[in-house]
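*Asks:* The structure follows.
Only the coordinates and a few stated rules stand behind these numbers; no lab work does. These figures come from a predicted structure and were not determined experimentally.
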């Protein structure tokens with residue numbers, strides 16, 4: 001199981017960014033996402049995407065982030081620009097058995113997160129998007145296997161060189 005924990009979600013400011021964290025998570029093989037602030041609209045949006053496009057992805061908002069991290073029975077990876085080099089860490093993390101929790105911050109992340117995480121991983125050491133960092137990490141962690149996942153939704157976008165090809169199922 002792979003899960004993402006989104007910290008510091010500010011509903012009025014981060015709704016699009018957190019939605020994109022959820023969409024990237026879902027598309028790149030994550031099973032569940034936790035968000036520290038309760039956001040029913042975000043839950044509705046993600047559930048609607050899953051209903052239309054398929055997949056078993058779930059989202060839970062309003063969680064106690066300390067409880068999630070402390071009780072996680074697997075590897076805990078915090079994505080930050082202050083961590084150890086991405087290329088060095090991702091292979092070691094992949095070799096670990098068990099579930100994976102990826103922690104992605106929005107605003108300033110409490111220092112406790114650095115201590116509770118098994119790995120603090122830097123996807124580059126410059127200011128960047130948490131969405132990009134998550135996508136790069138998940139791609140490397142899964143070695144691109146997310147591309148083989150089939151969602152079996154009501155709507156399927158079929159890759160094509162030109163134009164749009166969409167299959168709709170009843």
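*Asks:* In a GNM of the chain with a 10 Å cut-off on Cα contacts, which of 113, 157, 90 has the highest mean-square fluctuation?
*Replies:* Maximum among the listed residues: 157.
*Asks:* Classify the stretch 52-139: rounded, prolate or oblate, from the alpha-carbon gyration tensor (a ≥ b ≥ c, eigenvalue square roots; a/c under 1.5 rounded; otherwise prolate if a/b is larger than b/c)?
*Replies:* rounded
*Asks:* So what is the 222 nm mean residue ellipticity for the chain from helices alone, if each DSSP H run of at least 4 adds -39500 (n - 2.57) and you divide by all residues, rounding to the nearest 500 deg cm²/dmol?
*Replies:* -11500 deg cm²/dmol
*Asks:* A further question on this structure: Treating the Cα atoms of the stretch 2-168 as identical point scatterers in vacuum, please give the log10 of the normalised Debye intensity I(q)/I(0) at q = 0.12, 0.16, 0.20 Å⁻¹, two decimals.
*Replies:* -0.53, -0.94, -1.38
*Asks:* Between the stretch 43-86 and the stretch 137-170, what is the C-alpha centre distance in whole Å?
*Replies:* For the stretch 43-86 versus the stretch 137-170, the Cα centre distance is 21 Å.
*Asks:* Here is a follow-up. Let me check against my output: what whole-number percent is the relative contact order of the stretch 2-168, with C-alpha pairs under 8 Å and at least 6 apart?
*Replies:* For the stretch 2-168, the relative contact order is 28 percent.
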